[in-house]
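A.B. asks: First, the structure itself, so that you have it in front of you.
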Amino acid sequence: MGGFARRFVDAVNLRYDKTWTMGGIFHEPHVAESILLKMIADVPAVIVKYDARLESVQSADHSIKGIQMQDGSQYIAKIFIDASYEGDLMAKAGINHTQGREAKSQYNEALAGVGPIVITDGAHVDPYVVPGRPDSGLLPHVAPNNLGAAGAADSAVQAYGYRICVTADKANQIPVVKPDNYDPREFELLGRIAKAHPEITKTFHYIANVPIPNNKFDVNSLGLLSTDEIEGSAEYIRADANGRRAIEAEHKRYTMALLTFLATDPRIPPNVQADVRSWGFCKDEFQDNGGFPRLLYVREGRRMIGDYVMTQHDLYNETTIPDSIGLGAFPIDQHVVHRVAVNGQVGTEGAIWQPLARPYPISYRSITPKYDEMRNLLVPVALSASHVAFSSLRVEPTYMITGQAAGAAAAIAINSGNSVQRIDYAVLAAQLKASGAVLNNR
């Protein structure tokens with residue numbers, strides 16, 4: 001890791017004891033935010049506009065001429081960068097893109113397409129409202145098994161959720177409030193899991209509470225039913241602003257209801273109940289939002305289809321990348337896509353966790369549209385990658401790497417008068433290396 005990503009990690013280490021942060025990995029949200037805001041403040045020419053939602057794009061002659069926001073403001077530029085998780089600018093500009101999962105045959109990827117149904121915690125857990133009675137209907141958060149053939153393409157996305165930050169420090173707590181219309185029957189599946197598997201006694205198996213500095217936990221999804229609201233995000237990318245807000249609100253309600261259930265249902269192990277009851281949201285985090293994260297964790301949105309599509313083969317270093325802009329290294333990490341009833345039990349589909357043998361180079365062409373589509377746009381987040389490859393690329397340290405490359409490429413394109421596709425890669429590589437970027441893994 002180098003460049004701005006390394007600068008960020010080093011800045012985190014300066015705030016904490018290096019042993020505690022494990023190289024800058026574990027940190028409080030407000031610390032990360034303050035470091036990033038300081039980086040922006042160090043460049044006075046950068047002006048940040050918050051809550052600016054894209055309305056429309058004006059383009060001609062393979063170039064974006066301007067964009068209009070929903071508040072009526074307009075922006076004109078020589079180069080545009082879509083660094084959003086959703087890829088809205090890229091889509092509204094008419095760039096060819098995809099969503100969901102490619103078939104295994106499309107790029108010859110072993111991990112692509114619909115995966116096998118896995119039964120772990122769902123073993124011996126009846127999926128029906130009345131056990132043994134399919135006619136009684138399925139439990140909440142369990143779907144019928146309508147999956148396609150193994151390896152087939154589909155439009156499904158891995159689950160979203162909120163990465164909440166909680167603390168047991170009473171002096172720094174905002175209470176977790178039971179949502180209106182809370183109904184414990186919504187999480188009957190989780191109660192049955194706890195009853196069927198008394199050997200599952202650790203809080204971490206129900207909800208991944210990773211310790212971070214100052215008596216806090218970074219909470220993520222783990223287990224058969226956790227903070228990811230599986231299939232709750234299926235329409236998020238296609239939704240308009242109001243539709244997305246509704247989906248975000250539903251994910252927040254789900255999170256609060258889940259925490260309430262874990263803290264109160266008698267089938268949940270007593271130590272787990274006690275842990276969750278001891279938590280509250282942190283007063284010193286997300287202070288303008290009641291301690292709750294401002295953004296839903298959009299793990300995957302649209303993906304551009306450029307001249308070069310990153311695939312599983314690139315992650316395995318089976319290809320030659322002549323135009324590297326940095327290295328990816330995160331494991332192939334796909335969260336659950338479907339939770340289904342199967343043979344009287346409950347299974348999940350779509351989850352993959354596969355560490356990689358070594359870092360892999362990321363092609364500059366993966367952040368540029370095709371030349372015949374748009375010549376002044378760079379897309380470092382919703383970049384050109386298969387679903388499998390994106391499952392490794394989709395983390396913030398990698399986005400820092402691709403984002404830095406996009407910024408450097410934009411400046412080169414402006415100064416040289418070239419399209420983003422026709423800049424001199426040698427100049428880009430030299431600039432990235434001069435700023436500490438690592439471009440090869442040898």
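The values are calculated or read from the model by the stated rules, or taken from the named source; none is laboratory data. Just so it is clear, the structure is predicted and the values come from calculations on it, not from any experiment. Cβ sites come from the backbone with ideal geometry, for glycine too, and all protein chains shown count toward neighbours.
A.B. asks: Here are the criteria: (1) among the aromatic types (Phe, Trp, Tyr); (2) within 20 Å of the chain's Cα centre (by Cα); (3) crowded, with 20+ Cβ neighbours inside 10 Å. Tell me which single one residue 399 does not satisfy.
C.D. replies: Tallying (1) among the aromatic types (Phe, Trp, Tyr); (2) within 20 Å of the chain's Cα centre (by Cα); (3) crowded, with 20+ Cβ neighbours inside 10 Å, residue 399 fails exactly one: (3).
A.B. asks: So which residues in region 60-84 are in contact with a strand residue (DSSP E or B) (Cβ under 6 Å, 6 or more places away or on another chain) and among the hydroxyl-bearing types (Ser, Thr, Tyr)?
C.D. replies: Once the filter is applied, which keeps residues that are in contact with a strand residue (DSSP E or B) (Cβ under 6 Å, 6 or more places away or on another chain) and among the hydroxyl-bearing types (Ser, Thr, Tyr), region 60-84 yields only 75.
A.B. asks: Let me ask something else. Can you tell me which residue in region 63-108 is farthest from residue 389 (Cα to Cα), limited to those that are loosely packed, with under 15 Cβ neighbours inside 10 Å and charged (D, E, K, R)?
C.D. replies: Out of the qualifying residues, it is 71.
A.B. asks: Return the only residue of 352, 362 being buried (at least 21 other Cβ atoms within 10 Å of the Cβ) and out of contact with any Cys (no Cβ under 9 Å at 6 or more places or on another chain).
C.D. replies: Details: 352 fails: buried (at least 21 other Cβ atoms within 10 Å of the Cβ).
Among 352, 362, only 362 is buried (at least 21 other Cβ atoms within 10 Å of the Cβ) and out of contact with any Cys (no Cβ under 9 Å at 6 or more places or on another chain).
A.B. asks: All but one of (1) crowded, with 16+ Cβ neighbours inside 10 Å; (2) within 26 Å of residue 398 (Cβ to Cβ); (3) polar (S, T, N, Q) hold for residue 345, so report the exception by its number.
C.D. replies: (2)
A.B. asks: Please verify whether region 182-205 includes one or more residues that are touching a helix residue (DSSP H, G or I) at 6+ places or on another chain (Cβ under 9 Å), within 25 Å of residue 235 (Cβ to Cβ) and part of a loop (DSSP other than H, G, I, E, B).
C.D. replies: yes
A.B. asks: I've got another one for you. Of the residues in region 106-125, how many are in contact with a helix residue (DSSP H, G or I) (Cβ under 8 Å, 6 or more places away or on another chain), modelled with pLDDT of 95 or more and part of a loop (DSSP other than H, G, I, E, B)? Let's see the steps before the verdict.
C.D. replies: So the first thing to find is which residues in region 106-125 are in contact with a helix residue (DSSP H, G or I) (Cβ under 8 Å, 6 or more places away or on another chain), and the list is 107-113, 121-125.
Checking the rest, the ones that are also modelled with pLDDT of 95 or more come to 107-113.
With the extra rule that they be part of a loop (DSSP other than H, G, I, E, B), the set shrinks to 108-113.
So the answer is 6.
A.B. asks: Go through region 402-424 and give me each residue that's of a type in the set (Ser, Thr, Tyr) and either loosely packed, with under 13 Cβ neighbours inside 10 Å or over 29 Å from the mean Cα position of the chain (by Cα) (or both).
C.D. replies: 416, 419, listed by residue number.
A.B. asks: Suppose we filter region 340-379 for residues that are without any contact (Cβ under 8 Å) to a residue 60 or more places away in the chain and more than 20 Å from the chain's Cα centre (by Cα); how many remain?
C.D. replies: At the first step, the residues of region 340-379 found to be without any contact (Cβ under 8 Å) to a residue 60 or more places away in the chain are 343, 353, 355-357, 362-363, 365.
Remaining after also requiring more than 20 Å from the chain's Cα centre (by Cα): 343, 357, 363, 365.
The total comes to 4.
A.B. asks: Same structure again: Of the conditions (1) more than 25 Å from residue 98 (Cβ to Cβ); (2) within 20 Å of the chain's Cα centre (by Cα), residue 337 fails just one. Which one is it?
C.D. replies: Evaluating residue 337 over (1) more than 25 Å from residue 98 (Cβ to Cβ); (2) within 20 Å of the chain's Cα centre (by Cα) leaves (1) as the failure.
A.B. asks: Moving to a separate point now. Show the residue pairs meeting these rules: Cβ distance below 7 Å; 6+ apart or different chains; first residue within region 199-219 and assigned by TED's automatic domain parsing to the domain that holds residue 31 and closer than 12 Å to residue 268 by Cβ; second residue crowded, with 20+ Cβ neighbours inside 10 Å and aliphatic (A, V, I, L, M).
C.D. replies: Partner pairs satisfying both residue conditions: none exist.
A.B. asks: Follow-up. Take region 365-396 and flag every residue that is touching a Phe, Trp or Tyr at 6+ places or on another chain (Cβ under 6 Å), of a type in the set (A, V, I, L, M) and crowded, with 22+ Cβ neighbours inside 10 Å.
C.D. replies: Listed by number, the residues that qualify are 377, 381.
A.B. asks: A further question on this structure: Where in region 1-105 are the helices (runs of 4 or more DSSP H), entirely inside, with at least 3 residues that are under 30 Å from residue 210 (Cβ atoms) and either under 20 Å from the mean Cα position of the chain (by Cα) or not assigned by TED's automatic domain parsing to the domain that holds residue 399 (or both)?
C.D. replies: Filter on region 1-105 gives 3-15, 29-41.
A.B. asks: Limited to region 324-334, what total is found for residues that are buried (at least 23 other Cβ atoms within 10 Å of the Cβ) and not hydrophobic (A, V, I, L, M, F, W, C)? Walk me through how you get there before you give the answer.
C.D. replies: Let us first name the residues in region 324-334 that are buried (at least 23 other Cβ atoms within 10 Å of the Cβ), namely 325-326, 328, 334.
Still in the running and not hydrophobic (A, V, I, L, M, F, W, C): 326, 328, 334.
Of the residues in region 324-334, 3 are buried (at least 23 other Cβ atoms within 10 Å of the Cβ) and not hydrophobic (A, V, I, L, M, F, W, C).
A.B. asks: If you don't mind, there's one more thing I want to ask. Collect the residues in region 137-156 that are on the phi > 0 side of the Ramachandran plot, in a strand (DSSP E or B) and touching a Lys or Arg at 6+ places or on another chain (Cβ under 7 Å), keeping them in residue-number order.
C.D. replies: The answer is none; no residue qualifies.
A.B. asks: Just a yes or no: is a residue in region 413-429 polar (S, T, N, Q), farther than 29 Å from residue 102 by Cβ and touching a residue at least 40 places away in the same chain (Cβ under 8 Å)? Break it down stepwise before answering.
C.D. replies: Our first condition is that a residue be polar (S, T, N, Q); within region 413-429, this holds for 415-416, 418-419, 421.
Adding the requirement that they be farther than 29 Å from residue 102 by Cβ leaves 415-416, 418.
Restricting the remaining residues to those that are touching a residue at least 40 places away in the same chain (Cβ under 8 Å) gives none.
Among the residues of region 413-429, not one is polar (S, T, N, Q), farther than 29 Å from residue 102 by Cβ and touching a residue at least 40 places away in the same chain (Cβ under 8 Å), which makes the answer no.
A.B. asks: Find all pairs meeting these conditions: Cβ atoms under 9 angstrom apart; at least six residues apart or on different chains; first residue within region 388-399 and under 12 Å from residue 327 (Cα atoms); second residue crowded, with 18+ Cβ neighbours inside 10 Å and modelled with pLDDT under 95.
C.D. replies: 397/1; 397/5; 397/8; 397/9; 398/5; 399/5
A.B. asks: Additional query: Among the residues that make up region 164-177, is at least one of them without any contact (Cβ under 8 Å) to a residue 40 or more places away in the chain and over 23 Å from the mean Cα position of the chain (by Cα)?
C.D. replies: Yes, region 164-177 contains a residue that is without any contact (Cβ under 8 Å) to a residue 40 or more places away in the chain and over 23 Å from the mean Cα position of the chain (by Cα).
A.B. asks: If you don't mind, there's one more thing I want to ask. Among residues belonging to region 148-198 that are of a type in the set (Asp, Glu) and farther than 30 Å from residue 103 by Cβ, point out the one that is surrounded by the fewest Cβ atoms within 10 Å (Cβ to Cβ).
C.D. replies: Going through the qualifying residues, I end up with 180.
Yes/no per residue for (1) modelled with pLDDT under 95; (2) hydroxyl-bearing (Ser, Thr, Tyr):
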site: 160; (1), (2): no, yes
site: 163; (1), (2): no, no
site: 181; (1), (2): yes, no
site: 188; (1), (2): no, no
site: 191; (1), (2): no, no
site: 195; (1), (2): yes, no
site: 244; (1), (2): no, no
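A.B. asks: Of the conditions (1) more than 24 Å from the chain's Cα centre (by Cα); (2) under 25 Å from residue 195 (Cα atoms); (3) assigned to a loop (DSSP other than H, G, I, E, B), residue 134 satisfies every one except a single condition; which number is it?
C.D. replies: (3)
A.B. asks: Quick test for you: out of 376, 441, pick the one residue that is touching a Lys or Arg at 6+ places or on another chain (Cβ under 7 Å) and under 14 Å from residue 80 (Cα atoms).
C.D. replies: Working: 441 fails: under 14 Å from residue 80 (Cα atoms).
Sole residue among the options that is touching a Lys or Arg at 6+ places or on another chain (Cβ under 7 Å) and under 14 Å from residue 80 (Cα atoms): 376.
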